[in-house]
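The structure appears below as structure tokens.
Taken together, the values in this text are just the output of simple stated rules run on the coordinates, not laboratory data. All of these numbers come straight from a predicted model, not from anything done at the bench. Cβ placement follows ideal geometry from the backbone for every residue including glycine, while neighbour counts extend to all protein chains displayed.
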Ligand code: SF4
């Protein structure tokens, strides 16, 4: 008669986890680093993609992701969270995603170590499962009603999340109505990161930022009025000695 090993208790969960994947990109701000934030793409790459100094998404076409696909990815993350917790419970770890759970998962499927979706979710849970960063370069480019639907679904499925942040462009903020930004804020987006680079109109033109200083100010003011934490990135010496 075959003797059951301890890993047979949670083999089924590991097999499920190994098959789960969602769309995750590369870039996130430094404040979302250290593996503490869950990363999820709501769009892919940059809809502008013309700034002369930026290589982040060069050669990659912008993709506007369908809402149903993003929501399916959120459901996948939720399923992965549930399976990891189940393994933890079976190991007597009370649902905590600790080192013992990690080692147990890898003992069944060592390739999980190279699975970026799994690593992202496990690390995020390990550090408390609190913060989410929505990728890629300009999430506000989403139709407001669709972005709101995604945020509401995210908050419903991952109720332990306390902060959701994303990148956007000043130009896009300036194009949005005040009430649209307020509704997005209320749906659960807390902080936005914007590449200001410079407030000098001449340099903005030279680097093909696609925005004017007046639009930057307008977009920033609207974001603040909507209640967002606004993080603007300034690029010193962008104009060189001449400017
Ligand atoms: S808007 Fe941002 S991501 Fe897009 S090209 Fe410019 S710097 Fe790069």
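Explain nothing, just the number: relative contact order of the chain, from Cα pairs under 8 Å at least 6 residues apart, as a whole percent.
Across the chain, relative contact order equals 21 percent.
Under a point spin-label approximation (7 Å from Cα along Cα-to-Cβ), what is the residue 205-residue 58 distance to one decimal in nm?
It is 2.3 nm.
Spin-label point model (7 Å from Cα, Cβ direction): what's the residue 26 to residue 5 distance in nm?
3.8
On a C-alpha basis, how far is the centre of region 166-243 from the centre of region 121-151 in Å? Whole number, if you could?
Using only Cα atoms to place each centre, the spacing works out to 19 Å.
Which value at 222 nm does the chain reach when only helices count, each DSSP H run of 4 or more adding -39,500 (n - 2.57), with the total divided by all residues and rounded to the nearest 500 deg cm²/dmol?
-13000 deg cm²/dmol
If I fit a long axis through the Cα atoms of helix 116-126 and take the longest principal axis of the Cα atoms of the chain, what angle between them do I get, 0 to 90°, rounded to 10?
80
Quick one: what do you get for region 56-167 if you divide its Cα Rg by 2.2 N^0.38 Å?
Rg over 2.2 N^0.38 Å, computed on Cα atoms: 1.20.
Pop the C-beta distance of residue 15 and residue 94 into the FRET formula with R0 = 25 Å and round what comes out to the nearest 0.05.
0.60
Share of antiparallel DSSP beta bridges in region 8-234, in percent to the nearest 5?
10
Counting only Cα atoms, I'd like the Rg/Rh figure for the chain, Kirkwood definition for Rh.
1.06
Between residue 36 and residue 152, what is the FRET efficiency for a Förster distance of 25 Å, r being their Cβ-Cβ separation, to the nearest 0.05?
With a Förster radius of 25 Å, E is 0.60.
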